[in-house]
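Just below is one structure, and these are the notes that go with it.
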Amino acid sequence: MNTNEGLSAILQAVMRNNAKAVKDKYYPCWHLAPVTGLLNDPNGFCFDGEYYHLFYQWNPLSCEHKHKCWGHWCSKDLITWQHQPIALLPDEFYDKDGCYSGSAVIHQGQLILCYTGNVKFEDGSRTAWQCLAVENQQGGFDKLGPVLGLPEGYSGHVRDPKIWQYNDVWYMVLGAQNLDKQGKVLLYRASHLYQWQLVGELAGSYLGGLADAGYMWECPDLFELDDHFILLTCPQGIKREQQRFLNSHSSAYLIGDFDYSTLQFQHGDLIELDAGFEFYAPQTTLANGRRLLFGWMGVPDGEEMYQPTIANGWIHQMTCPRELHIKEEKLYQQPVKELQQLRQKPAYWQGIADDAPDISGFSFELEVELFGSLTIYFSDTLVLLIENNQAVLKRRSVKSGEWQSRFWSGEIKHLQILCDNSSVEIFFNGGAGVMSSRFFPSEKRTICFSGKDTINLTTWQLKNTLLN
């Protein structure tokens, strides 16, 4: 992709126009989505003390996984977001085939990005550079170039640096694949951001008590939370189970303890992070004592290229921002409390589910107190069935029209559901489980309830917060 001084400003102006995408009936009212082209991984999620910054993988030229740039949004409240100048374009020898995912830190008053520069060769091989860029006075970023090359013993699939500082020492976790095609997370440390030392393999296939756990671990994120350590990762190639890890690629986490003196991570088994049809590449940040998360509401190599929004020149969106906690040795996810400011026109109802009123429109929040079984129909394409201590989410394939299923097990007493035109995020029991999915109804946009047991419903319509 060629560039010039005006490209970032021109594309920013285009983003501010009323693009064709935002007129699509499936375009979200309050989730973050691209104004054109393809969006995927959240990148560089951070808080500078005043603004939240969220960067994102973006191909503004088409709905294909090519020409990866870094777009940039910022917000003071996690609700209203503004476009910023494009942060990164693939215009150097070390990132010519894409500015791949990474992270951001605030250092000495400057916002610094660390990302993977992807380079592909004519023989089909590839290499990767971990690179830095620093914010300039115009709100764009000046590239500082590579600070880390391909480590010995690993394939060209090394990417997605997440960096942080602890006691004046910098640390990095990096997704990797070794030469035996085993997925790993590498740990680095540094006294400054420009010279990194490989500590070793932190986690991955055949490490820490795990067996074969996939051929590539993407998007690692290690952080402390409620006296535990969590490692988020996307283990590509993990074996599908009967009711877990059913997507083409899944997101998971390890919970345990990380020792900064020995740099060892002791952990348990992989746990699926989100049981829905679309969730991948999560990234967190620490802001005012809260650990916050965004995820990509998409999955690579699945049915994404059959989604109907492509006809209007856009594809994919982010999840809502979530706050994380540990309860009973498990990771809980909840929508951030700021989203409650979107609520309007509250309505309450109690009775037998079969008698519940329908909900019109697909931009709403719903809380349900359950006292037995329940079925919720989201128009003609999505069904949530709760019975026998299990939730089953069924959706028609956008490719074949056949019904597919995803599962979450546990006694379910409470639901919180966020719906936004073509997306749904379902939180079970205060965040003990989550299912995130896209869906594209062809019929009237109506939510219906079915069941012989009592339910308590609270519903809110949600305000439109389109970007500006």
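Using unit Cβ charges (K, R positive; D, E negative) and no other charged atoms, how large, in debye to the nearest 20, is the dipole of segment 80-180 about its Cα centre?
180 debye
Starting from 0 in steps of 10 Å, tell me what percent of the Cα-Cα pairs of the chain lands in each bin.
4, 21, 32, 27, 13, 3, 0
Once you keep just the Cα pairs under 8 angstrom separated by 6 or more residues, what percentage relative contact order results for the chain?
13 percent
Using a 1.4 angstrom probe, figure out how much accessible area segment 153-249 has per residue, in square angstrom, rounded to the nearest whole.
For segment 153-249, the solvent-accessible area averages 42 Å² per residue.
How high is the relative contact order of segment 210-266? Use alpha-carbon pairs under 8 Å, at least six apart in sequence, and give a whole percent.
29 percent
Name the aspartates and glutamates eligible as straight-distance cross-link partners of Lys20: C-alpha to C-alpha under 19 Å, and not fewer than 8 places from it in the same chain.
Straight-line reach from Lys20, under 19 Å: Glu64, Asp420.
Leaving out ligands, DNA and RNA but keeping every protein chain, what accessible area does Met435 have, in Å² rounded to the nearest 10, with a 1.4 Å probe?
Taking all protein chains as shown, Met435 has close to 0 Å².
Give me the accessible area per residue for segment 85-151, probe 1.4 Å, as a whole number in Å².
42 Å²
How far is it, in nm, from the label point at Thr262 to the one at Asn389 when both lie 7 Å from their Cα along the line to the Cβ?
Roughly 3.6 nm, to one decimal.
Trypsin sites (Lys or Arg not before Pro) within segment 158-262: which are DSSP loop residues with at most 16 other Cβ atoms inside 10 Å?
Lys181, Lys239, Arg240
Just to confirm the filter: which GluC sites (Glu not before Pro) across segment 76-159 are DSSP coil and have at most 15 other Cβ within 10 angstrom of their Cβ?
Answer in residue order: Glu122, Glu152.
Below 15 Å, Cα to Cα, which aspartates and glutamates can Lys327 reach? Residues fewer than 8 away in the same chain don't count.
Correct list for Lys327: Glu224, Asp226, Asp227.
Report Rg (one decimal) and Dmax (nearest whole number) for segment 54-202, counting Cα atoms only, units Å.
That works out to 15.6, 47 Å for Rg and Dmax.
For the chain, what % of the accessible area comes from carbon and sulfur atoms, probe 1.4 Å?
After summing per-atom areas, the C and S share lands at 45 percent.
Could you check the spin-label model distance between Arg240 and Glu338? Points 7 Å from the Cα along Cα→Cβ, value in nm.
Spacing of the two 7 Å Cα→Cβ label points: 3.8 nm.
In terms of Cα to Cα distance under 19 Å, which lysines are near enough to Lys330, apart from those fewer than 8 places away along the same chain?
Lys413
With n ≥ 4 as the cut-off for DSSP H runs, can you work out [θ] at 222 nm for the chain, using -39500 (n - 2.57) per run divided by the number of residues, rounded to the nearest 500?
The helix-only estimate for the chain comes to -500 deg cm²/dmol at 222 nm.
Taking the Cα centre as origin and putting +1 on Lys and Arg beta-carbons and -1 on Asp and Glu beta-carbons, what dipole magnitude results for the chain, to the nearest 20 debye?
In debye, rounded to 20, the chain gives about 1000.
Hand me the chymotrypsin sites (Phe, Trp or Tyr not before Pro) from segment 274-375 located in a DSSP loop with no more than 13 other Cβ atoms within 10 Å, in residue order please.
Of the chymotrypsin sites (Phe, Trp or Tyr not before Pro), the ones in loops of segment 274-375 whose Cβ has at most 13 other Cβ atoms within 10 Å are Phe371.
Note the full-extension length gain between Asn136 and Ile271 as 0.36 nm times their separation in residues minus their Cα-Cα distance, in nm to one decimal.
Between Asn136 and Ile271, full extension yields 44.6 nm more.
Where nothing but the Cβ of Lys and Arg (+1) and of Asp and Glu (-1) is charged, how large is the charge dipole of segment 186-313 around its Cα centre, in debye to the nearest 20?
For this selection, approximately 180 debye.
So what's segment 265-373 giving for Rg/Rh, alpha carbon basis, Kirkwood Rh from the mean inverse pair distance?
1.01
Probe of 1.4 angstrom, ligands and nucleic acids ignored: what's the accessible area per residue over segment 294-380, in square angstrom?
With the other protein chains kept in place, segment 294-380 gives 43 Å² per residue.
In this model, which of Lys23/Lys463; Lys239/Lys394; Lys66/Lys162; Lys66/Lys239; Lys68/Lys181; Lys68/Lys120 are farther than 18 Å apart at the alpha-carbon?
Too far apart for the 18 Å limit: Lys239/Lys394; Lys66/Lys162; Lys66/Lys239; Lys68/Lys181.
For segment 173-216, what's the relative contact order in percent, using C-alpha pairs closer than 8 Å and at least 6 residues apart?
Rounded, it is 38 percent for segment 173-216.
The values are calculated or read from the model by the stated rules, or taken from the named source; none is laboratory data. What you are looking at is a predicted structure, and each value in this text was computed from that prediction instead of being measured. So basically every Cβ, Gly included, is an ideal-geometry build from the backbone, and we count neighbours across all protein chains shown. What goes into the accessible areas is simple: the full protein's heavy atoms, side chains included, and nothing from ligands, DNA or RNA. Shrake-Rupley method; radii C 1.70, N 1.55, O 1.52, S 1.80 Å.
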